[in-house]
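Right, one structure below, let's go through it.
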There are 2 protein chains.
Amino acid sequence: MTEPRTRILGTACDMILADGIEGFSLRRLARCIGVTAPALYKHFDSKEDVLRAVVAEGYRTFGAYLYRALEGPTPRERFALAGQAYVAFAMEQPRYYEVIHLSPALLGFMELPEEAVGPACATRQFLEDRVRECMEAGVLKPDDSTAVATMVWAASHGIVSLYLGGLLPVPRDEFPAYFRSTIMRLFTGIGGPEFTVADPSSLPAAVTSQRQTVT
Amino acid sequence: MTEPRTRILGTACDMILADGIEGFSLRRLARCIGVTAPALYKHFDSKEDVLRAVVAEGYRTFGAYLYRALEGPTPRERFALAGQAYVAFAMEQPRYYEVIHLSPALLGFMELPEEAVGPACATRQFLEDRVRECMEAGVLKPDDSTAVATMVWAASHGIVSLYLGGLLPVPRDEFPAYFRSTIMRLFTGIGGPEFTVADPSSLPAAVTSQRQTVT
DNA sequence: GTCTATAATCCGATAGAC
DNA sequence: GTCTATCGGATTATAGAC
């Protein structure tokens, strides 16, 4: 039989994934499992403790999606698979996507939980690895790989976030293609002739800061 | 003296802007104003009614920021000012930014409130106007202006959203420059030589292959 | 328009029996 | 590890006096 703690956490994830964070309470969680609320305190110290574990589980799931992209045989393939994995995670686990990107205050935390700092760094590192190897393979222009990876991340998150928030009038079944064609414009660039240069580092505003640590 | 409804709404905005949405309640709101909770029901039907009004006010403020960009003398200037206005709004009114982009469920709504649909369309239209006139002026490549505007919006939102969520290790005073240099990569494009074309519509949809579903 | 009083419900967390 | 019972608090919302 599964450990009680595992079952509690799994049920909590299910509830939040189904109904969001707002109606979540330990009493409800206990009722869903079939026990009473005080029993939960044998496995978790508080409601916040449960939520932190849920956030950690969300990041773990997200990481699992991304990681499959490494099965691709070429840098280009791995990059494309990473994009598909990002979209797949957002569409198949929208609540997790929401929980992960939620402002800490909305979960009742005072600051970014440590469960989020590591995975956030890992996500950036993963994307940066994809970007760097694509640069070496000539699929991407030579550039600051950290800055480019951040841009790819931000653009992906922006598109998905607007979509999940209902602000993009795109049907669900068309969204993966929509995402892909939108990201394509990041590859080709949207600027006119004056912005078409092979070496972005010669641009006046192309200065990026290089800090690595999240405070 | 100001109308009661105006003062209630203003105080509600102040509270949410100061402390976020999570601790907001009608009792607290009433106490802040100096009345009792039932008095509020003479001016608003419910808590949701108050929150809808706050969301509407947030969109109104956002629109005011964006609108100032129209003072620029050229398409290129107006586009740049729009970007600066977007960043200024996000940094000066982060709670409004949060409220505006919050999932409806987190505000206690079941669906996207009508107060959000109109302004969301307006934002996209505003950006599309900037994009289109920049295309006509040759600052932007000829392309689908709706798609490009969406990309600009998504990229802007993505960068700001990651920053406000604490996921980007960028000091506050460096963020506007960081934003600008990141958006610059959207202009130049990040793709290698094969993606450097004048007419994006001639591109094969080649970066991604077929999508597979994760369970 | 504002008040008091109150209904009805929910919450997190703890004490102590078993 | 789970229970019952309970503390102490919160919330939205309504009824009716003034």
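What follows is calculated from the coordinates using simple rules that are stated; it is not laboratory data. The structure presented is a predicted model; accordingly, all values stated were derived computationally and were not measured. Backbone-built Cβ (ideal geometry, glycine too); neighbour counts: all protein chains shown.
The table below lists the values:
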{"quantity": "Cut-off 14 Å between beta-carbons: net charge of the residues surrounding B:Ile8, Lys and Arg +1, Asp and Glu -1", "calculated": "+3"}
{"quantity": "Number of partner chain Cβ atoms within 10 Å, mean per residue of B:162-172", "calculated": "6"}
{"quantity": "Efficiency of FRET between B:Leu70 and A:Thr196 - r from beta-carbon atoms, R0 41 angstrom, step 0.05", "calculated": "0.90"}
{"quantity": "Proximal charge balance of A:Cys134 [Cβ under 9 Å; K/R count +1, D/E count -1]", "calculated": "+2"}
{"quantity": "Copy-to-copy label separations for A:Glu71, where each label sits 7 Å from Cα toward Cβ, in nm and ascending", "calculated": "5.6"}
{"quantity": "Among B:Val117, B:Val87, B:Ser145 the positive-end extreme of the charge dipole of the range B:46-189 (Cβ point charges)", "calculated": "B:Val87"}
{"quantity": "Candidates B:Pro75, B:Pro38, B:Pro104, ranked by Gaussian network fluctuation over chain B, Cα under 10 Å, top entry", "calculated": "B:Pro38"}
{"quantity": "Mean shadow area of the protein assembly as shown, taken as a quarter of the surface of its Cα convex hull (nm²)", "calculated": "23.0"}
{"quantity": "Global form of chain B, assessed from the alpha-carbon gyration tensor, a/c cut-off 1.5", "calculated": "prolate"}
{"quantity": "Dipole in debye (nearest 20) - the range B:46-189, about Cα centre, beta carbon charges: Lys, Arg +1; Asp, Glu -1", "calculated": "340"}
{"quantity": "Relative compactness, the range A:1-44, computed as alpha-carbon Rg over 2.2 N^0.38 Å", "calculated": "1.06"}
{"quantity": "Assigned charges on the beta-carbon of Lys, Arg, Asp, Glu; the protein assembly as shown dipole about Cα centre (debye)", "calculated": "780"}
{"quantity": "Unit charges on C-beta of K, R, D, E only; dipole of the range B:1-76, Debye", "calculated": "80"}
{"quantity": "Partner lysines for B:Lys47 [C-alpha distance under 28 Å; skip if fewer than 8 residues away on the same chain]", "calculated": "A:Lys47"}
{"quantity": "Where labels lie 7 Å past Cα in the beta-carbon direction, separation of A:Met110 and A:Asp14 in nm", "calculated": "3.5"}
{"quantity": "Dipole-positive endmost among A:Tyr67, A:Phe24, B:Tyr96 within the protein assembly as shown (Cβ charges, Cα centre)", "calculated": "A:Phe24"}
{"quantity": "Shortest-first distances to equivalent copies, position A:Pro94, nm, label 7 Å out along Cβ", "calculated": "2.8"}
{"quantity": "Positive-end residue of B:His43, B:Ala56, B:Gly108, charge dipole of chain B with Cβ unit charges", "calculated": "B:His43"}
{"quantity": "Calculated label separations, A:Pro142, copies of the chain, 7 Å along the beta-carbon direction, nm", "calculated": "3.3"}
